[in-house]
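Following: one structure in structure tokens, then a few remarks.
The values are calculated or read from the model by the stated rules, or taken from the named source; none is laboratory data. Note that the coordinates shown come from a computational prediction; the quantities given were computed from them, not determined experimentally. Note that we place each Cβ from the backbone using ideal geometry, even for glycine, and neighbour counts take in every protein chain shown. Note: areas computed on protein heavy atoms with side chains; ligands, DNA, RNA excluded. Shrake-Rupley method; radii C 1.70, N 1.55, O 1.52, S 1.80 Å.
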Amino acid sequence: MKRIIKIVLTGGPCGGKSSAISFLEAELKKRGIAVLTAPETAAELFAQGKSPQKNGSYNFHRELFSIQLKREKELESKAAALPGDKAVILLDRGLLDSMAYTDHADFERYCAEFSQNEDKLRSSYDAVFHLVTAAKGAEDFYTIDGTIRTESLEPARRLDSKLISVWTGTPHLRMIDNSTDFDGKLKRLLNEVLAVVGDPEPIEIERKFLIEMPELSLLENMEACRKVTIEQAYFQTKEDGKFRVRKRGSGEQAVYIKTVKKKLNEMSRIEIEEEISREEYDRLLLEKNGMFGIIVKDRYCFVSGSQYFELDVFPFWTDRAVLELELLSEDQSFALPDFVKPIKEVTNDKNYKNSVLSQRYRFLFDRG
């Protein structure tokens, strides 16, 4: 089956998205990877003389959402017809970006009109890369073009932070900051994209820490933090080997994912994900064929500095939690948030794998 990889480039004003898409397209094609790109829909509407001021905020953003949703579906169809075993779609902003520019009630209204919701949109992309505005750390290079980009430094910083908040909670979010010159920023972005695209396989590198239970209200009051309930079950069958299915979210907004992982070593693994239907998920849990564990947890996704963290709170612990972060390389440096009090690193400790923890508590599910 062809693997279609949808990647969003987002970020505040003057972050370098347009240049980055051209750069990525050329670099991926050099590696023999099929690439399709999409321009920023808002820029196209502005070029046509449309704007929230002229057309009304709701009408403008609804039209933007409608055009982009249709375009993404068309690109997926085109990608499926391309030769090769994988194709990459590079998007200048994703469908969730409009949430940062309009009233939340309006966003929910036109989302529902197109049978979409926040959780579904956050899980509809393979990766989201936030190119931090030059207004944060590269102020000398921040420019205003007078048409689309009109924000001065401080409004640009606020918009950048709001966009990070909007995308927080998506499974694969990365911040590409201004800690190097722009060429270095592009190279860091390319390395992150190659890790997702797979050259030759998509590799996930994680570090995991057992920590003291933090003050959850501190997290919940952070702008760039989102809580999501996750239920996941583990299976081993002759047909598929070992795999995991996950319900992310609740109610009608829940998203269902099947994940197959191939271990390379204790820190690195190849991971392939695909969305499945609610019916398929329910069937697997009902039949329990090959199921050896199930677990429920609350996941707090948050950004600290330029690093994206996921903190898992389990119902069977009141004094501890598990903090995870994904890295680009096994020796990449990082800093834990100041409020985190680590007990020990458990990256290589099998006792703290979700699949192992799930076996201890499966009997609760079976009895239910």
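The set of residues in the range 340-368 that are hydrophobic (A, V, I, L, M, F, W, C), open to solvent by less than 60 Å² (accessible area, probe 1.4 Å) and at pLDDT below 95 comprises V356, L357.
If we scan the range 228-245, do we find a residue that is under 22 Å from I5 (Cα atoms), open to solvent by less than 40 Å² (accessible area, probe 1.4 Å) and under 20 Å from the mean Cα position of the chain (by Cα)? Yes, because at least one residue in the range 228-245 is under 22 Å from I5 (Cα atoms), open to solvent by less than 40 Å² (accessible area, probe 1.4 Å) and under 20 Å from the mean Cα position of the chain (by Cα). Filter the range 312-321 down to the residues that are open to solvent by less than 10 Å² (accessible area, probe 1.4 Å) and under 11 Å from E212 (Cα atoms) and list them by number. Result: A321, single match. When P214 is tested against (1) part of a loop (DSSP other than H, G, I, E, B); (2) open to solvent by 60 Å² or more (accessible area, probe 1.4 Å); (3) of a type outside the set (A, V, I, L, M), just one condition goes unmet, and that condition is (2).
The condition of being in a loop (DSSP other than H, G, I, E, B) and closer than 24 Å to R122 by Cβ holds for only one of E231, E223, E239, that being E223. Among the candidates T143, T102, the residue that is in contact with a Ser or Thr (Cβ under 6 Å, 6 or more places away or on another chain) and over 29 Å from K29 (Cα atoms) is uniquely T102.
Filtered by the rule that a residue be open to solvent by less than 10 Å² (accessible area, probe 1.4 Å), part of a helix (DSSP H, G or I) and farther than 20 Å from C14 by Cβ, the range 151-197 gives V193, V197. I need the full set of residues from the range 80-98 which are open to solvent by 20 Å² or more (accessible area, probe 1.4 Å) and within 24 Å of R248 (Cα to Cα), in order please. Within the range 80-98, just R93 meets the criteria.
Residues that are among the hydrophobic types (A, V, I, L, M, F, W, C) and open to solvent by less than 70 Å² (accessible area, probe 1.4 Å): which helices (runs of 4 or more DSSP H) entirely in the range 17-63 hold 1 or more of them?
Where helices (runs of 4 or more DSSP H) fall fully within the range 17-63 and carry at least 1 residues being among the hydrophobic types (A, V, I, L, M, F, W, C) and open to solvent by less than 70 Å² (accessible area, probe 1.4 Å), they are 17-30, 41-47.
Of a type outside the set (A, V, I, L, M) and free of Cβ contacts under 8 Å to residues at least 40 places away in the same chain: does that describe K70? It is true that K70 is of a type outside the set (A, V, I, L, M) and free of Cβ contacts under 8 Å to residues at least 40 places away in the same chain.
Of the residues K297, K258, K344, the single one that is of a type in the set (D, E, K, R), under 21 Å from T229 (Cβ atoms) and touching a residue at least 60 places away in the same chain (Cβ under 8 Å) is K297. Put simply, of D97, D106 the only residue that is under 16 Å from D160 (Cβ atoms), among the charged types (D, E, K, R) and in a helix (DSSP H, G or I) is D97.
Note on the range 278-333: residues that are of a type in the set (K, R) and farther than 27 Å from G241 by Cα amount to 1.
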